[in-house]
Structure formats: structure tokens, C-alpha cells
Amino acid sequence: MKLTIALLAGDGIGPEVIAQAVKVCDAVADKFNHEIIWKPALTGAAAIDAVGDPYPDETHEICLNADAVLFGAIGHPKYDNDPSAKVRPEQGLLKMRKKLGLFANIRPTFTFPSLIDNSPLKRERIEGTDLVFLRELTGGIYFGEKGRKDGGETAYDTCTYTREEVIRLAKKGFELAMTRTKKLCCVDKANVLETSRLWRETVQAMEKDYPEVTVSYEFVDAVAMRLVQWPNSYDVLITENLFGDILTDEASVISGSMGLMPSASVGEENALYEPIHGSYPQAAGKDIANPLATILSAAMMFEDTFKLKEEAEAIRNVVNKSLEHGIVTEDLSGKNKAYKTSEVGNWLVENL
Ligand code: IPM
Ligand code: MG
């Protein structure tokens, strides 16, 4: 197969982890007789520096014309401490999600048997955890009307959802639940928020179309607690944009490192794969960041977009093998030897 992949390395550790994912994808392509055409494009702070726009039109064209997008990370400290910055790298990510119509962000959380003791949570609580968040990605408070008034003394961000937006996300949730243990949790704050009441009422109305799925409705604050207490009790969780942002960072603790968790952002036409971690500027250029979340995101890309399951499995297997052999970066090495980002990438390529 010929696969055209837009490659958006972005900022911070983005280029380093993306470089390892490219090596691994090329090795898989070699092994299974595929041809990958990489289309690199600018995004984030790197794009602001180069052309003054964190998601330039040229990058958008490249993404639109590719079969999938592989994305590193976005963000730069020089903007984090400057609330008055007019252009911010993160705007590029949001613009990209919106313009590509990536309304569903799929974030699995699972444990690796060889890493159970890396998690700060007790083994008996997290063993066997295998859950998936479906986070709504192009609506809610991220995209609602925002601004300042009263001469700048008052600020507001509005959370808006339409029934249609809830339906298309929930539909993906029900469908995913059908392929798993048929358990769906709708996470909201319906005791307080009107948008949450719309979510709940919409999902309730959809239940009849999926009679086999057991749906629970839980408040986001309670889920935040139960997620680290009994992660095993969840399977598929659907939620709005901001709740999903927060809960998926929390959930990554279960696996032992944020550097392990992949994600896919999908819409009707396009799909983008990215690690859930950020640009980790403190580690940029040091060759120490964990490349596995990006590599596992590439595995999701092979399976979900290209329908190449064997290729995806090959990546996951070699990643598991590297973990079992302790070929890991410093976030996971503990007292043992820490391997460099590029060494982990090389090991995976050699062992594929
Ligand atoms: C994420 C990130 C982004 C978000 C930031 C970088 C804008 O935290 O993908 O979870 O909030 O969506
Ligand atoms: Mg986040």
C-alpha cells in the first residue's frame, strides 16, 4: 500500500519523538511492503517563528491531502508566561482540530504488565485496567465565545454544545462500546450545567438504539475520584472537551507514565494521531523524552486509518518487548539504565 502521511513535529520534544516514530513506521513499511510518503509541515511555535501562524494554510493543505496526520506536540514556554501574547502555539492545535473536523479524540488508558509497579497507584487497583475516553474535541468552552469586558476587569469563556455535536460523539462511544464490554459512561456535570443536561438527555434518548449497551451517568468530580480508585470499573467513557482534557491527563497516571499514552483524533474525513503528552520543553533537545506514546499513536494509525492490523500489532509487540527488556527512557528506568530517545527508537527498528 502507498501511504501518504502528513508529519507535524511541532515544538519541544515533538521533533525528537516524531523522528523515532518515523523510523519505526518506515521499518514496518519495509517489513510489510508498503511505501510511506512523508509530508513534513510546520505547526505550533515553530510555525509562528517561521511564518507568523501556528497552523499555516500550507500545513492545512498538506493535512487535507494526506491519508493521515502524525503529530508531535505543541507549546513553548515563552508563550505560557505571557498571557498577553496575540498568537499562541496552542491556537494552531485548536485551529487544526476545527478545520480538519476532528470532533472525537480517542484516548485509551491501559497498563503494561511489565510496568505495573511504575504507577504511583497500587498494583491491585490498576491491574487489568483497559478503558477508553472519547473526548469531544471541537466544541465546548474551548471554542465558545470568549473575551474581556469592564475595561478588561472581567473575563468570560462560554461553553456551548448543540445536540448534533453530542450525537455524533456519543454515536462513536456507543459503537466503540459495542466492540468491547458494552459498558458506556457518560461523564457530565448535569447537576449544575445546562450543556451537561443537554448531553445527558441526548445520550439517554440514544440508549434505545443500542439496547445491549449499559449506560451509566456520572458527575465529572465523582469520576475524577473513581478513576484512580477503581479504574477497572470503567470501559468506554464519553465526555465534553474540557472534562476530557483533564480526566485523560489524570488517567495517564494509571499506566505509569504520560509518555506511554497514544491518541487518535478523528472526524468524518480526516484522522490525526498524537501522543497525549505535551511539548515538555525542559527535555527538548536532550534526547531523553519517551517516544513510545508517539510510536503507539502510529500503531493506532495503522490499525484505524489504514486497516493494517498486523502492522499495528507488530509495533505494539516490539514496544512490549522493549519494555520487558528495560530498553526505556528515564521516565521509566527507575534505578536501572536510562536509554536515550533515539536509542529506544533504534532498538525498536532492529527488533521489528
Ligand atoms: C491536549 C492538550 C491541548 C488541549 C492543549 C495543548 C491545547 O492539553 O491535547 O490535551 O487542551 O486540548
Ligand atoms: Mg491536555
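The values are calculated or read from the model by the stated rules, or taken from the named source; none is laboratory data. None of the values given here were measured: they were computed from a predicted structure. Reconstructed Cβ throughout: ideal geometry from the backbone, glycine too, with neighbour counts over all protein chains shown. Heads up: the accessible areas ignore ligands, DNA and RNA and are worked out on the full protein's heavy atoms, side chains in. Shrake-Rupley method; radii C 1.70, N 1.55, O 1.52, S 1.80 Å.
Quick notes
- Distance between the pseudo-spin-label points of residue 207 and residue 31 (7 Å out from Cα toward the beta carbon): 4.5 nm.
- Extension gain from residue 342 to residue 324, taking 0.36 nm per residue of separation minus the Cα-Cα distance: 4.7 nm
- With at most 10 neighbouring Cβ atoms within 10 Å, loop GluC sites (Glu not before Pro) (DSSP) excluded, longest segment of the chain: 1-144
- Label-point separation, residue 316 to residue 191 (7 Å along Cα→Cβ), nm: 3.7 nm
- All-pairs Cα distance distribution in segment 120-255, expressed in whole percent, bin size 5 Å: 2, 10, 20, 21, 19, 13, 8, 5, 2, 1, 0
- Charge dipole (Cα centre; +1 on Lys/Arg Cβ, -1 on Asp/Glu Cβ; no other charges) of the chain amounts to roughly 360 debye.
- For segment 294-346 and segment 161-213, distance of Cα centres in Å: 33 Å
- Once C-alpha pairs closer than 8 Å and six or more residues apart are averaged by separation and normalised to the residue number of segment 44-135, the relative contact order reads 27 percent.
- In this simple spin-label model, placing a label point 7 Å from the Cα along the Cα-to-Cβ direction at both residue 99 and residue 350 gives a separation of 4.2 nm.
- For the chain, the Kirkwood radius over C-alpha pairs fed into Stokes-Einstein at 20 °C and 1.002 mPa s yields D = 103 µm² per second.
- One decimal place: the segment residue 168-residue 232 gains 20.4 nm when fully extended, by the rule 0.36 nm per residue minus the C-alpha distance.
- Averaged over its residues, segment 120-255 has an accessible area of 49 Å² per residue, based on protein heavy atoms and a 1.4 Å probe.
- Whole-Hz Karplus values for segment 144-157 come out as x, 4, 9, x, 10, 9, 6, x, x, 7, 10, 10, 9, 10 Hz, taken residue by residue from phi with 6.51 cos²θ - 1.76 cosθ + 1.60 and θ = phi - 60°; glycine and proline positions read x.
- Summed over qualifying helices (DSSP H, 4 residues or more, each -39500 (n - 2.57)) and divided by its residue number, the chain shows a 222 nm mean residue ellipticity of -13000 deg cm²/dmol.
- Label zone at residue 222 (point 7 Å along Cα-to-Cβ), backbone N below 18 Å, segment 143-180: none
- Using a cutoff of 8 angstrom between alpha carbon atoms and counting only pairs six or more residues apart, the relative contact order for the chain works out to 22 percent.
- Those trypsin sites (Lys or Arg not before Pro) in segment 121-203 that DSSP places in a loop and that have at most 12 other beta carbons within 10 Å: 122
- Selected from 223, 131, 167, residue furthest toward positive end of dipole (segment 120-255; charges at beta carbon): 131
- Ligands, DNA and RNA aside, residue 160 has an accessible area near 80 Å² when probed at 1.4 Å.
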